[in-house]
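The structure appears below as structure tokens.
Every number here is computed from the coordinates shown, using simple stated rules; none is lab data. These numbers were taken from a predicted model, which means no experiment stands behind them. A quick note on method: Cβ atoms are made from the backbone with ideal geometry, for glycine too, and the neighbour counts reach across all protein chains shown.
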Amino acid sequence: MDSLSQIVLGGALAAAIAPARHRRAALAAGAALGTLPDLDSVPMWFLGLDPVTSMTWHRGPSHSLFVLVPLAALLWGWFKGRGGRVAEAPVRWFWAITLALVTHPLLDAFTVYGTQLWWPLPPSPSMWSSVFIIDPLYTLPLLLAFVFALVRGWRPSSQSALVAGLALSTAYLGWSLVAKAMVERAADATLATMGLQDAPRFSVPMP
């Protein structure tokens, strides 16, 4: 997905999990963590890799759950050792950091490009192809919740906005899978009437 979606998803998740008094800090931390996996494109750009190699390695190791989960634990342990907010509420911050990181590749897997969730294991990239790479209907609830929480801070209304934004955006992802299944079922039936029931087919979301 686009960077804005990843930023507001990470920020909204972290802020919804962290204590209310830490909410603005969690918005900033989650936003940074939500976009962190995509920074693998920076060294690729400096190395001058060809487009095929860049496409292969982007959404590769930096998007693997086997990399991001240990990375989240390391970041949590480091910040906890330094005291401050993470040390005040270690359990909440552990989940805030972990979910802000791992939801990035999970969201990417809903697009057509595929994401190597299980690198370095051999299975092909996970690719559910149910939402377009930029989808305002997914991003807008999260963006509104993010901005509202940033303005309202520790107030209970900001928590309600974050939960509502996350619920709406997640429901939209669920609907995208249902819609894809409906379209593919109709395509299967149409192809069967033409004697093409074994023909290869691939459905992709449109803008």
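So here's what we get for this one:
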{"item": "Residue-span extension gain [I134 to L49] - 0.36 nm each, minus C-alpha spacing", "result": "28.1 nm"}
{"item": "Given charges at beta-carbon only (K, R positive; D, E negative), |dipole| of the chain in Debye", "result": "1040"}
{"item": "Pair V183, A171: separation of 7 Å Cα→Cβ label points (nm)", "result": "2.2"}
{"item": "Cleavage-rule hits (trypsin sites (Lys or Arg not before Pro)) in the range 47-92: DSSP loop, at most 15 neighbouring Cβ within 10 angstrom", "result": "R82"}
{"item": "Gaussian network model of the chain, springs between alpha carbon atoms under 10 Å - residue of A87, A31, A96 with greatest fluctuation", "result": "A87"}
{"item": "Coil-residue trypsin sites (Lys or Arg not before Pro) of the range 103-207, DSSP, other Cβ within 10 Å capped at 16", "result": "R201"}
{"item": "Calculated FRET value between L74 and L121, using beta carbons and R₀ = 22 Å, to 0.05", "result": "0.55"}
{"item": "Signed unit charges on C-beta, dipole axis of the range 3-193, positive-most listed residue I133, A73, S158", "result": "S158"}
{"item": "Among V52, A179, A192 the positive-end extreme of the charge dipole of the range 3-193 (Cβ point charges)", "result": "A179"}
{"item": "Cα centroid separation, the range 71-116 to the range 182-207 (Å)", "result": "39"}
